[in-house]
Amino acid sequence: MSKVYLSAQLPEVATQQLKSAGLDVSVYEGDGLISHDELLKNVSDIDFLITPLSTKVDKEIIDAAPKLKLIANFGAGFNNIDTAYAKEKGIPVTNTPAVSTNAVAEVTIGLMLALSHRVVEGDQKMRNEGFPGWAPLYFLGHEIAGKTLGIFGLGNIGSDVARKANALGMNVQYYKPNRLSDPEERSMKVTYKPLDELIKTSDFITINAPQTPDTLHKFDAAAFKAMKKTAYIVNVGRGPIVDEAALLDALKSGEIAGAALDVYEKEPKVDDGFKSLKNVILTPHVGNATVEARDAMANIVAGNVVLVDSGKDAKFVVNK
C-alpha cells in the first residue's frame, strides 16, 4: 500500500479521495506550520508528499525521501519547492492552477473597494470611538467607477480582475512581459502600457503576478515616487514583488494614498510599521481562502496522487 504524507491538514475531500483509492494517509496535525525538522522525520518511507505553499521542500527533504514519486503542491505557486532538484531525481512537482482564480480576483476587487471607501478604517472607528452622526463632509472616500486600474500581471487572475473591474466601470490597463494581441485586448477591454507609464497613470495598481527573479522588488522606492499621490496599491500576488521598506516610507510620507497587502515580503512576518497606519489594510494571505477554491485545490492534489499511484501521468506538472 502506497504511503501519502500531508504536511498540513487539508479539506476533507482530499483525504476521502486518497483513502477511497486504498492509500495509506498520514497527516501533520500539530499547531501552526510544520517545521523543517518535523517534515524531515516524516518523509523517509513515503511515496507521495502533499504540501502547502507555505512549507519549504528543499534538497534535504527530497533526499530524505528515496521512494518519493510525486510532490503535489497545494497552491498555484511553487517557489517553496526545489523543482529543479526534484526533476533531477525524476520526481514530478504539481501545482493547483486556475481553480483559485475567482476567489483571488474577488479579494483583489474587495480590497480596492475597502481602501477607496475606507471600510476598515470606519469599522475601527465605530468599534473604538463611534461617530458624531451623518454630515455632508464627514469621512469621505472615493468611488472606483471611472478610475484607472493598472494590473501588473495579466494571467488567469489578472484577467478575471480586469473583467470584474470593467463591470464596475473602471478603465483597465495592464502590463505583462508578453503583450496580448489587438483582438484579445479589445475583447477584454484592456489597454497595454509599459510598466513605467502604468505606474504613473493608474489610480489603483493591483499586483496579480507570480514571483520570479524579474519581479523581485519591481515596486521599489522609484516606483512609489512615480505613482500619483492619490493612488492605491494592492498586492495579492507575492510579497517580494514589493520592497516593503520602500512602501512603508512612501505611505508615511504621503507619496501614495494607501495600500492593501494580502502577501508579505517575509511572510508570515509583517513589519510593525504598517500596523499603525490608517491607510493600510492587512489580510493574512486569504486570497483563495474560500471553501469552494480550497475544495477544488484539494481535489487536484489528491487526484494527482491517485493518477501517479495507478501508473498514469499527473496533471499540472511544473518541472517537466
*Is there a residue being in contact (Cβ under 8 Å) with a residue 12 or more places away in the chain, more than 30 Å from VAL318 (Cα to Cα) and not acidic (Asp, Glu) anywhere in the stretch 260-275?*
yes
- Item | Flag if GLY150 is of a type outside the set (A, V, I, L, M) and assigned to a strand (DSSP E or B) | yes
Please indicate, with yes or no, whether at least one residue in the stretch 239-258 is touching a Pro at 6+ places or on another chain (Cβ under 8 Å) and surrounded by fewer than 21 Cβ atoms within 10 Å (Cβ to Cβ). no
Answer yes or no as to whether LYS229 is exposed (fewer than 15 other Cβ atoms within 10 Å of the Cβ), part of a helix (DSSP H, G or I), in the same structural domain as GLY169 (by TED's automatic domain parsing) and at pLDDT 95 or above.
no
Scanning the stretch 200-216 for residues that are surrounded by 16 or more Cβ atoms within 10 Å (Cβ to Cβ) and more than 21 Å from the chain's Cα centre (by Cα), the one farthest from GLY239 (Cα to Cα) turns out to be THR201
Conditions (1) crowded, with 22+ Cβ neighbours inside 10 Å; (2) under 17 Å from SER7 (Cβ atoms) -> ASP82 fails only (1)
Whether any residue in the stretch 300-320 is in contact with a Phe, Trp or Tyr (Cβ under 8 Å, 6 or more places away or on another chain) and either closer than 25 Å to THR148 by Cβ or of a type in the set (Gly, Ala, Ser) (or both) is what I want to check.
no
Filtering strands (runs of 3 or more DSSP E) wholly in the stretch 1-97 for at least 2 residues that are free of Cβ contacts under 8 Å to residues at least 40 places away in the same chain and either at positive phi or among the hydrophobic types (A, V, I, L, M, F, W, C) (or both) gives 24-27
ALA260 vs (1) in a loop (DSSP other than H, G, I, E, B); (2) under 30 Å from LEU10 (Cβ atoms); (3) in the same structural domain as LEU154 (by TED's automatic domain parsing): all pass except (1)
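Out of curiosity, is GLU121 crowded, with 17+ Cβ neighbours inside 10 Å, closer than 30 Å to SER276 by Cα and over 19 Å from the mean Cα position of the chain (by Cα)?
Criteria met by GLU121.
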Restricted to the stretch 268-320 and to residues being assigned to a loop (DSSP other than H, G, I, E, B) and of a type in the set (Asp, Glu), the residue nearest to the chain's Cα centre (by Cα) is ASP271
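Okay, residues lined up against (1) of a type in the set (A, V, I, L, M, F, W, C); (2) touching a strand residue (DSSP E or B) at 6+ places or on another chain (Cβ under 6 Å); (3) touching a residue at least 12 places away in the same chain (Cβ under 8 Å):
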residue	(1), (2), (3)
GLN173	no, yes, yes
ARG179	no, yes, yes
GLU185	no, no, no
VAL190	yes, yes, yes
LEU195	yes, yes, yes
LEU216	yes, no, yes
ALA221	yes, no, yes
PRO240	no, no, yes
SER253	no, no, no
Conditions (1) closer than 15 Å to LYS3 by Cβ; (2) modelled with pLDDT under 95; (3) not hydroxyl-bearing (Ser, Thr, Tyr) -> LEU70 fails only (2)
**Message:** Given the criteria loosely packed, with under 15 Cβ neighbours inside 10 Å and either part of a helix (DSSP H, G or I) or assigned by TED's automatic domain parsing to the domain that holds ASP160 (or both), does PRO132 qualify?
**Reply:** yes
Checked against (1) assigned to a helix (DSSP H, G or I); (2) not assigned by TED's automatic domain parsing to the domain that holds PRO268; (3) not acidic (Asp, Glu), GLY122 satisfies every condition except (2)
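The values are calculated or read from the model by the stated rules, or taken from the named source; none is laboratory data. Nothing here was measured: the structure is a model prediction, and the numbers come from that model. In this analysis, Cβ positions are derived from the backbone assuming ideal geometry, glycine residues included, and neighbour counts consider all displayed protein chains.
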